[in-house]
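All remarks here apply to the structure that follows.
What follows is calculated from the coordinates using simple rules that are stated; it is not laboratory data. Since the model is a prediction, treat every value here as computed from it, not as a measurement. Positions of Cβ are backbone-derived with ideal geometry, glycine not excepted, and every protein chain shown enters the neighbour counts.
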Amino acid sequence: MSDDGAGSPPQHPSGNGVKDDSILDRHPALLSRLVLEHAPMALVALDVHGKVTWANPSFLALLGSVKERLIGKPLTDIMRMVSWLPVPYESDAELATQQWQRIWLASEGIESSRMVLMSEMTPEPAPSGVARMLAFVDLRAGQAGEFPPFSDPHTGLASQWVFEDRLRHAIERADRHDQRLAVLLIRLDRADDVRQVYGEPVMQALLPQISRRLTSTLRSEDSIAYLGGDRWGVLIEHPVSPESLQSAALRCLEAMEAPFTLGRPPLLLTLSIGIAMFPDNGSSPEQLMESAGQALVKARPGGHAFFDQGLKRQLSQRMALRHCLQEALLCPDRHFDVVYQPQVDLENGCCVGVEALVRWRHPKQGVLQPDAFLPMVAEMAQMVRLDRWVIEQVIAQHQRWQSEGSPLAGLRISINLDASLLEQAVFDGRPLDRFLRQSSGELSWLSLEVDGKVLSEQAEVHGLLLRRLSRMGIRLAVDNLGGAPVDLIRLAMLPVSHGKIGRELVHGLADSSSFARQALSALSQCLKALQLESVMVGVETAEQLTAARHKGVDQVQGNLLGPPMAAGELATWLGRYPDLQVLSKP
Ligand code: C2E
Ligand code: CA
């Protein structure tokens, strides 16, 4: 196949055209070329760069162009294709109809866009220089001036074309903001059986009903479209976590539970749903739809599946963990422990306080650190329950040390507080200060640590409560400085007594770059200038300890000095140091 063939039918050597009786004597390659040249459908061959190497007369007619304007040019410069996303189908029969894709086509030669069918039909083996061959069938010649439909007239939902457009824009947005999004591809199960048993009119009546149920199930910001046949597409932009997608899918499946009546015996229908996420399962609309289609193949009728099958396993593990956590929170004494990590003053080397940290004794997985379960406790809105239990344990422990006459009773004890505990009336109608007053006597030994970012964002809201706590002698610490950005000046207007320099920044000290050192120096000077004590957390190495000393940090906490310990172990550990002096004086 060569350029010079474009648009001109091949001539018989005699110049009289090809005679029927001689056609069978021709070389097979020539015969194929004849067929292609005279095919009623428009054909165009492209090289690996997408440039046109050959086109038949029907293609030139479709575009209203001449071969000189096409050959050697990228097809995308010549025509614009607004494609409707190919909706993935599973069975061969479905596939056969899907090889032809409906697209809207616009080019220089034609005045307005029109709908055509397009298929990729590159022969095997392809002629040399041909990477792709595209075939077009003009669906309704002369329908100039029409636009792709925005909505599906039958279901009233957005059309496939609109869905593709929304998906494309959403992907661009998500890509720019480093966010995720997801596509749910929904299929009506046994649609062919319904058609056969009840007929097409019933099917047509069902489609808008199913569409209505789906629409009322999803949130208004989710985008749903009818993709034709027995398929719907849903675009979810926020929130996109495996849990939220699973619950959206389950809501869609539940929406089908009530029977469809349609004036005949009730009909029970189910859906199956395939879920794919951007960017994990595809970076373009086509790839995402393809992945959602593959997930759909894995979904059982009335069920859902993620493209990434590991996610469903992870989700069921999380569900099991959640269930277990729920039970643990009902009887915290049996399942949780409080451990205490020493805090050492760098001026005199003495242990001056401890931080109380919660641990969960999981029945199968052993002792779990807070990072493994606190986010889930927060999701379950149970932080108040857990932190209230920790506060009660710490108060009881302090009272035990006091009644035993232990030197540990002189230690300051810090408790981490989730910001939800600062809300009004969280303790059975009481605010935190009333709850503490009624739980214990003198509280000057108590320190409360609240995340710096949350505290600086909610400084005005909680200012009053924090002042009341401060008047009770309770000290307030800004936790995790050096991680997320905080407004230190705003924080200093609160009755805060010290700032905790977080592990993130401290671990950065191991890097050869001087950034972490400069940041540590700036932070500790800043805290000093605001007359706040500084406590550096996560000190694991002698270098980090030296850096803390050089940068003027007041106190340190970390595994190098002492790991978090149960109350009994802490007593034994500290008993080794006369006068609680853990470090020798510098
Ligand atoms: P945090 O407030 O920054 O607590 C200090 C964390 O640093 C603790 O982690 C502690 O074990 C860890 N750490 C201290 N020194 C070292 C060290 O040298 N190396 C390393 N790698 N880690 C060190 P933990 O106990 O896992 O707690 C994690 C976070 O969970 C805490 O961070 C705190 O934000 C939260 N948390 C812990 N207990 C509670 C609680 O009872 N209530 C609330 N609301 N949050 C808690
Ligand atoms: Ca803390």
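ALA522 label point, 7 Å along Cα→Cβ, cut-off 18 Å on backbone N: hits in the range 475-494?
480-492
Ordered by residue, what ³J(HN,Hα) values in Hz, to whole numbers, does the range 451-458 give under the Karplus form 6.51 cos²θ - 1.76 cosθ + 1.60, where θ = phi - 60° and Gly and Pro are x?
Once θ is set to phi - 60°, the couplings for the range 451-458 become 3, x, 5, 5, 5, 6, 6, 10 Hz.
Count neighbours as other Cβ atoms within 10 Å of each site's Cβ, and list the GluC sites (Glu not before Pro) in the range 187-291 that are DSSP loop with at most 15 such neighbours.
Qualifying residues, ordered by number: GLU221, GLU257.
Each residue of the range 267-280 in order: what ³J(HN,Hα) in whole Hz does its phi give by Karplus 6.51 cos²θ - 1.76 cosθ + 1.60, θ = phi - 60°, with x for Gly and Pro?
For the range 267-280, the Karplus curve yields 10, 9, 10, 10, 10, 10, 9, x, 10, 10, 10, 9, x, 4 Hz.
Once every DSSP H run of n ≥ 4 in the chain is given -39500 (n - 2.57) and the sum is divided by its residues, what mean residue ellipticity at 222 nm do you get, rounded to the nearest 500 deg cm²/dmol? Intermediate results must be reported in sequence, preceding the final value.
Working: 23 runs with 236 residues, N = 586.
Mean residue ellipticity at 222 nm (helix-derived): -12000 deg cm²/dmol.
Which part of the range 211-250 falls in the paramagnetic zone of ALA378, meaning amide N under 17 Å from the point 7 Å along Cα-to-beta-carbon?
Counting only backbone N, you get 239-244.
If each of ALA39 and MET121 carries a label point 7 Å out from its Cα toward its Cβ, how far apart are those two points in nm?
My value for the distance between the label points is 0.4 nm.
So what are the ³J(HN,Hα) numbers for the range 420-426, from phi and the Karplus equation (6.51, -1.76, 1.60; θ = phi - 60°), rounded to whole Hz, Gly and Pro as x?
In residue order, the calculated couplings are 5, 6, 8, 5, 5, 6, 7 Hz.
Take the Cβ-Cβ distance between ALA396 and GLN581 as r, set R0 to 35 Å, and report the resulting FRET efficiency rounded to the nearest 0.05.
Between ALA396 and GLN581 the formula returns 0.80.
Any chance you could run the full-extension gain for ALA566 through GLU442? It's 0.36 nm times the residue separation minus the Cα-Cα distance, nm to one decimal.
Gain on extension, ALA566 to GLU442, equals 42.3 nm.
Which of rounded, prolate or oblate describes the range 398-524 when judged by the alpha-carbon gyration tensor and an a/c cut-off of 1.5?
Details: a/c = 2.62, a/b = 1.45, b/c = 1.81.
Since a/c reaches 1.5 but b/c is at least a/b, the shape of the range 398-524 is classed as oblate.
To make sure I understand, if each residue's beta carbon is the centre and we count other beta carbons within 10 Å, what order do THR261, THR53 fall in, fewest to most?
Working: THR261 10, THR53 24.
Final ranking by Cβ density, sparse to dense: THR261, THR53.
If we count other beta carbons within 10 Å of each Cβ, what is the order of CYS350, CYS526, CYS331, fewest first?
Listed from fewest to most nearby Cβ atoms, that is CYS331, CYS526, CYS350.
At a Förster distance of 45 Å, what's the computed FRET efficiency of GLU543 paired with SER244, Cβ-Cβ distance as r, to 0.05?
With a Förster radius of 45 Å, E is 0.55.
Exposure proxy check: LEU105, LEU214 ranked by fewest other beta carbons within 10 Å?
Going from sparsest to densest Cβ surroundings: LEU105, LEU214.
Taking the Cα of GLU457, stepping 7 Å toward and past its beta carbon, and measuring to each backbone N in the range 398-433: which are under 15 Å?
Of the residues in the range 398-433, 418-423 have backbone N under 15 Å from the label point off GLU457.
Between HIS169 and ALA510, what is 0.36 nm times their sequence separation minus the Cα-Cα distance? Round to one decimal in nm.
Net length gain for the segment: 118.5 nm.
What net charge do the residues around CYS350 carry, taking every other residue with its C-beta under 11 Å from that of CYS350, with Lys and Arg at +1 and Asp and Glu at -1?
-2
Mean projection of the alpha-carbon convex hull of the range 471-573 over all orientations, in nm²?
On the way: hull surface 30.3 nm².
Here the figure is 7.6 nm², rounded to one decimal.
What distance in nm separates the simple spin-label points at ARG385 and LEU465, each placed 7 Å from Cα in the Cβ direction?
1.9
Give the cross-link partners of LYS67 among the lysines, using a straight C-alpha distance below 29 Å as the criterion and excluding same-chain residues fewer than 8 apart.
By straight Cα distance, LYS67 reaches LYS19, LYS51.
If the chain between ASP371 and ASN559 were fully stretched, how many nm would it gain, using 0.36 nm times the residue separation less the Cα-Cα distance?
66.0 nm
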